[in-house]
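The values are calculated or read from the model by the stated rules, or taken from the named source; none is laboratory data. None of the values given here were measured: they were computed from a predicted structure. Positions of Cβ are backbone-derived with ideal geometry, glycine not excepted, and every protein chain shown enters the neighbour counts.
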Amino acid sequence: MVANPAKPTVVLVHGAFADASGFAGIIRELQSADCAVYAPPNPERGLAFDAGTLKPFVAAIDGPVVLVGHSYGGAVITQASASLSNVVGLVYLAGFGLDTGESVAAVQAPFAPPLLAANGRATSYDAVGAAGGPDLYIDGKTFRETFCADLPVDVAAVMAVSQRPVAAATLNENCTAPAGNPFPPGIWCPPRITPSIPTPSASWPSAWEPPPIPCRAPTSPSSAIRSRPPPSSCRA
């Protein structure tokens, strides 16, 4: 894959319960700015597995790459970037940036439980392709409140029945190859909704200091997905 040599290629990595179509608004904006952008699927089968799926895709891109991870996607880009020589920056959109030995579940443990803790539902069968344990879905009755509170009811209803499950095993799998901090700090766009996924203070690696946040989170309920561009004050 050949990118514009004057600009880094942006690779968007979605989080749990979603797919890459949730980045549609951001993709359109990047394309209008003549930025090369890709949004590959995130299997959501396990941290090492998902990062392993992302790495060859990114390695095949000519030129510098900026990885952008939303929610659980932040954990994936953290794990994947350690061995990718063409990655020049990491951006976390309300994402998990894990340190060695940290898991998505562990970094949230000291804080109030998110809505997902009450509204997640495990399957009665093992997650196919995962290390073990069930798949997790968000209860359809509370999907909009938990995941996309600012979207129209009819849109949320479609998303609820087409959501992609995340293997429960991903939540407790420790990061083994963190990126460390060799990159310029990413842009931090904090979650704009109530305690959903994830909590901002739980999402930065313990060894890192977050950069100044140039945007302010709205107080009204909003979406855990990023189907629209962030406010102009949050953009690079």
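General remarks:
- Among the residues of region 115-127, those identified as under 21 Å from the mean Cα position of the chain (by Cα) and farther than 15 Å from Ala18 by Cα are Leu115, Ala117, Ala118, Asn119, Arg121, Ala122, Ala127.
- Residues of region 58-91 that turn out to be out of contact with any strand residue (DSSP E or B) (no Cβ under 6 Å at 6 or more places or on another chain), assigned to a strand (DSSP E or B) and closer than 20 Å to Leu47 by Cβ, as a count: 0
- Filtered by the rule that a residue be hydrophobic (A, V, I, L, M, F, W, C), modelled with pLDDT of 95 or more and either on the phi > 0 side of the Ramachandran plot or not in a loop (DSSP other than H, G, I, E, B) (or both), region 1-19 gives Val10, Val11, Leu12, Val13, Phe17.
- Residue check, Ala80 surrounded by fewer than 16 Cβ atoms within 10 Å (Cβ to Cβ) and not polar (S, T, N, Q): no
- Subset of region 92-101 [closer than 23 Å to Ser21 by Cα and part of a loop (DSSP other than H, G, I, E, B)]: Ala94, Gly95, Phe96, Gly97
- Residue in region 115-132 that is surrounded by 17 or more Cβ atoms within 10 Å (Cβ to Cβ), of a type in the set (Ser, Thr, Tyr) and either part of a strand (DSSP E or B) or out of contact with any Pro (no Cβ under 6 Å at 6 or more places or on another chain) (or both) present: no
- Of the residues making up region 46-65, those that are buried (at least 21 other Cβ atoms within 10 Å of the Cβ) and over 14 Å from the mean Cα position of the chain (by Cα) are Val58, Val65.
- Top-ranked residue in region 168-177 [being out of contact with any strand residue (DSSP E or B) (no Cβ under 6 Å at 6 or more places or on another chain) and under 15 Å from Tyr72 (Cα atoms); ranked as surrounded by the fewest Cβ atoms within 10 Å (Cβ to Cβ)]: Asn172
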